[in-house]
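Peer 1: I am attaching a structure below and will ask some questions about it afterwards.
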Amino acid sequence: MERKKTWLVSCVPSRACLTASLLYLLICSVRAETCPDLCTCAEDSATVTCLDSPEIELPLDVSQRTSTLILRGANISALRDGAFSANGSVLELRTLRLSWNNIQVIEAHAFRGLPRLQRLDLSHNRLTAVSVQAFCGLDELRFLWLNNTLTPRGARELPQALSTGSLRNLQTLELSGNRLKAIPIARFDNFNLSTLVLTNNSIETIGKNNVSSLNEFHGIRVYLSMNPFRCNCELEAFYYWLKNDSRCADSARVLCKLPEAKSGLPVEKLRKEDVDCVNAELEAVSYVFLGIVLALIGVVFLMVLYLNRGGIKRWLNNIREACRDQMEVYHYRYEQDSDPRLANVAV
C-alpha cells in the first residue's frame with residue numbers, strides 16, 4: 001500500500017505539467033490566430049498596430065477583446081458596411097485610429113459592430129463622400145477627429161452625417177484644416193459637445209443662428225483662430241458674443257482678414273461702429289436717398305428746359321445778335337484807328 005501511494009504522488013506533477021503545456025500551446029495558438037499578418041499585437045494593452053502596410057485589407061481578423069486598433073499607412077480607399085466587423089462579430093474596441101490611409105469614402109454603417117467605440121481618428125485622409133448613415137451605431141463615441149481630411153464635396157456632405165442623432169454623446173469634435181466656410185453643425189442639441197475645434201479653415205463670418213446655438217451650451221469651448229474673418233456688419237452678433245463671452249478659448253487670435261484696413265486686427269478689438277449694422281443700413285439708405293433727390297432735381301431741370309425751349313431759343317438768338325452788333329462796332333473802330341487817312345480827317 002505504501003508503494004502504491006508513492007506512485008500516485010509522483011504522477012501528479014506530470015499531469016500538472018501536461019495541463020500547463022497544453023494551456024500554453026492553446027494561448028500561443030490563439031495569439032497566432034488573432035493577430036493579423038503585418039501587424040503587431042500587445043496582449044497586455046489589448047492593442048493591435050498595423051503601420052505602413054498598403055496590402056492590408058478590411059475587415060481585419062482581430063481578437064474580440066481588442067481595445068485599441070491603430071491602422072496607418074494603408075491604401076484603404078473606402079470604408080464599406082461592417083468594415084471592422086468580420087463575419088458580423090462585435091468587437092470591444094474603444095479606440096480606432098485611421099489617419100493617413102487615403103480614405104476617400106465612408107459608406108453607411110461602416111462602423112457596424114463597434115458599439116463601445118469611444119475614440120475615432122480619421123484625420124489626414126481625403127474624404128470625398130460621407131454617407132448620411134456613416135456614423136450610425138456609434139452611440140458611445142466621445143471623441144471624433146477629422147483634421148485635414150475633407151475635400152469640398154466631403155465638407156458639404158458632413159453636416160448631414162453629423163445631424164442624424166447617432167453622435168448624441170460626442171464631447172470633442174476637431175475639424176481643423178478643412179477649408180470650411182461655415183460651422184458644419186446646424187443644431188448643437190444633437191450632441192453633448194464640450195470642445196469644438198474649427199481652426200485653420202475658411203470661415204469669414206458666423207451668423208446669428210450659430211451664435212444663438214452656441215449660447216445654449218454654456219460648457220462648450222470653441223477654437224476659431226486662423227480663419228479669414230470679414231469684419232463688417234454681418235459679424236455683429238459674433239463680435240458681441242466674442243467680446244462678452246469666454247467660451248472662445250483662442251479669442252485673442254481670432255483676427256480680421258478683410259477689409260485690408262483692418263487686416264490682422266483682433267475681432268474683439270474692433271469698434272462698435274465697425275460692426276454696427278444699423279449705422280451701415282442708415283448710411284446706405286442716406287446715399288440712396290441722396291441719389292434719388294439728385295435724380296429728381298435733374299429731371300425737373302430737364303423738364304424746365306423742355307417747356308421753355310422757345311423762350312430759351314429766343315434768348316439765345318438775342319444774345320447772339322447783341323454779340324454780333326458789339327463785334328461789328330469793335331471791328332469798325334479798329335478799321336478807323338488803323339487807317340492813317342481817316343486819322344488825318346479826324347484831326
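Peer 1: Considering Cα pairs under 8 angstrom that are at least six residues apart, work out the relative contact order of segment 34-276 and quote it in whole percent.
Peer 2: 10
Peer 1: Another question, then. Just add up the charged neighbours of Leu98: K/R +1, D/E -1, any other residue whose Cβ is under 13 Å from the Cβ of Leu98.
Peer 2: Summing Lys and Arg as +1 and Asp and Glu as -1 gives +3.
Peer 1: From the backbone phi of segment 64-80, what are the Karplus-calculated ³J(HN,Hα) couplings (6.51 cos²θ - 1.76 cosθ + 1.60, θ = phi - 60°) in whole Hz, Gly and Pro given as x?
Peer 2: Each residue's phi maps through the Karplus curve to give 5, 8, 4, 9, 10, 10, 10, 10, 9, x, 8, 9, 9, 7, 8, 9, 7 Hz.
Peer 1: Tell me, what HN-Hα J-couplings in whole Hz come from the Karplus equation 6.51 cos²θ - 1.76 cosθ + 1.60 at θ = phi - 60° for each residue of segment 199-208, using x for Gly and Pro?
Peer 2: 6, 6, 10, 10, 6, 9, 7, 10, x, 5
Peer 1: In a shell of Cβ-Cβ distance under 12 Å around Glu321, excluding Glu321 itself, what net charge do Lys and Arg (+1) and Asp and Glu (-1) give?
Peer 2: +1
Peer 1: How many times 2.2 N^0.38 Å is the alpha carbon radius of gyration of segment 58-101? Provide the component values of the computation, followed by the final result.
Peer 2: Numbers: Rg = 10.3 Å, N = 44, 2.2 N^0.38 = 9.3 Å.
Dividing the Cα Rg of segment 58-101 by 2.2 N^0.38 Å gives 1.11.
Peer 1: Next question. What would the Debye formula give as log10 I(q)/I(0) at q = 0.10, 0.13, 0.15 Å⁻¹ for the alpha-carbon point model of segment 34-276, no solvent?
Peer 2: Log10 of I(q)/I(0), two decimals: -0.52, -0.80, -0.98.
Peer 1: If I take the Cα coordinates of segment 112-174 and project them onto the principal axes, what are the three extents in Å, biggest first?
Peer 2: 30, 20, 19
Peer 1: Next question. May I ask for the percentage of alpha-carbon pairs in segment 155-263 that lie more than 21 Å from each other?
Peer 2: Tail fraction, whole percent: 31.
Peer 1: Which value results when the Cα radius of gyration for segment 146-217 is divided by 2.2 N^0.38 Å?
Peer 2: 1.04
Peer 1: At Asp250 and Ser53, where each label point lies 7 Å from the Cα along Cα→Cβ, what is the point-to-point distance in nanometres?
Peer 2: The answer from the label model is 3.5 nm.
Peer 1: Show me the ranking of peptides 47-57, 195-205 by mean Cβ neighbours inside 10 Å, starting with the highest.
Peer 2: Per-residue mean Cβ counts within 10 Å order the peptides as 195-205, 47-57.
Since every read-out is calculated from the coordinates, none of them should be taken as a lab result. Note that the coordinates shown come from a computational prediction; the quantities given were computed from them, not determined experimentally. Glycine also receives a Cβ, built like all others from the backbone with ideal geometry; neighbour counts cover every protein chain displayed.
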